[in-house]
Number of protein chains: 2
Amino acid sequence: MSEHISPQGSAPAFELDSRLETESVLVANLGLCQLRLRNDARWPWLLLIPMRPGIEEPHDLTPLDQALLSFETNLVSKALKDMTGCTKINVGALGNIVRQLHVHVIARNEGDLCWPGPVWGFGERVPYQPDELARLVAEIRNHL
Amino acid sequence: MSEHISPQGSAPAFELDSRLETESVLVANLGLCQLRLRNDARWPWLLLIPMRPGIEEPHDLTPLDQALLSFETNLVSKALKDMTGCTKINVGALGNIVRQLHVHVIARNEGDLCWPGPVWGFGERVPYQPDELARLVAEIRNHL
């Protein structure tokens, strides 16, 4: 039986959207969210995906999950700011293209590519070198 | 004494950034945030500004204020989605230009101006007609 098929009678299982999976790598499983690093060397860019099936908007989560999402988002934001010393964290949940709820946490610096505009939809993703990707994932884990 | 000058010895008072004030109108004071409607007829676009001085990042709020910000953001998101029947809510806290913490809650529809891209920095603000602005503020208040 596939891991994505629920046992009969239980709630549907969480399944990560294939586009999110392809464009990012797993950093850690938090209490509610899968924390992933977007494989895009242009900016340090994290994604939090609540491991709940069928959710598109934060307000569709249960009240407890809404509180957890806020807690985990702020934890990750602070870690990314401490780690990078960036000018500003950009946080957003858009979902216009990929509907599965995912929260972006991005480190921005004055004068970076497309500053002060938003990063979403800007140009093409630039994958990291594999060793740089692994190094960054380890560094983020150390800051959580 | 100006309302923006703190009584001697107390914490500094909250003062709304002048750019946020100019480009939006007050809808309501919630427990933590001032809720404002951006005066931009291109999209239904709300702003939540925590009434705390000197805060730039959500994670710099106290834990209780972080929980309140999440609660009020989700309350407003649900109200805006119910009211507009939009395809997707876009939520974001960027602050690359105006550093005072403010959370955007925007109603997006498939095929709207710049869909599926982000609205921030796109083109020029288009103010509402005054009667339309007043009507919309009243409608939002009714949905909270």
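Values computed for the structure shown
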{"item": "Sites matching GluC sites (Glu not before Pro) across segment B:65-133 that sit in DSSP coil, with at most 16 neighbouring C-beta atoms within 10 Å", "result": "B:110, B:124"}
{"item": "Highest-fluctuation residue, A:100, A:34, A:129 considered, GNM on chain A with Cα pairs under 10 Å", "result": "A:129"}
{"item": "Copies compared at residue B:18 - label distances in nm, ascending, label defined 7 Å from Cα in the Cβ direction", "result": "5.4"}
{"item": "Sites residue B:19 and residue A:131, calculated FRET efficiency, Cβ-Cβ separation with R0 45 Å, nearest 0.05", "result": "0.55"}
{"item": "Theoretical FRET efficiency, 1/(1+(r/R0)^6), r = Cβ-Cβ of residue B:99 and residue A:10, R0 45 Å, to 0.05", "result": "0.45"}
{"item": "Calculated diffusion of segment A:14-98, Stokes-Einstein form, Kirkwood radius summed over Cα pairs, 37 °C and 0.692 mPa s, µm²/s", "result": "241"}
{"item": "Three-way shape label, the protein assembly as shown, alpha-carbon gyration tensor, a/c 1.5", "result": "prolate"}
{"item": "Estimated 222 nm signal from helices in chain A, with DSSP H stretches of n ≥ 4 weighted -39500 (n - 2.57), rounded to 500", "result": "-9500 deg cm²/dmol"}
{"item": "Simple spin-label estimate for residue B:41 and residue A:124 in nanometres, 7 Å along Cα-Cβ", "result": "4.0"}
{"item": "Unit charges on C-beta of K, R, D, E only; dipole of segment A:18-143, Debye", "result": "80"}
{"item": "Nearby lysines by direct alpha-carbon distance to residue B:78 (threshold 19 angstrom, same-chain neighbours under 8 apart not counted)", "result": "B:88"}
{"item": "Sequence of A:73, B:62 once ranked by neighbouring C-beta atoms within 10 Å, starting from the fewest", "result": "B:62, A:73"}
{"item": "Dipole magnitude of the protein assembly as shown, debye to nearest 20 (Cβ charges: Lys/Arg +1, Asp/Glu -1, about Cα centre)", "result": "0"}
{"item": "All aspartates and glutamates inside 13 Å of residue A:81 as judged from Cα atoms, apart from same-chain residues fewer than 8 positions distant", "result": "A:139, B:56, B:57, B:60"}
{"item": "Average projection area in nm² (convex hull over Cα atoms of chain A, one quarter of hull surface)", "result": "9.5"}
{"item": "Residue B:139-residue B:28 pseudo-label distance in nm [points 7 Å out on the Cα-to-Cβ vector]", "result": "1.6"}
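Bear in mind these aren't lab numbers, they're just calculated from the coordinates by the rules spelled out. This one's a predicted model, so the numbers in the text were calculated from it and none came from an experiment. Glycine also receives a Cβ, built like all others from the backbone with ideal geometry; neighbour counts cover every protein chain displayed.
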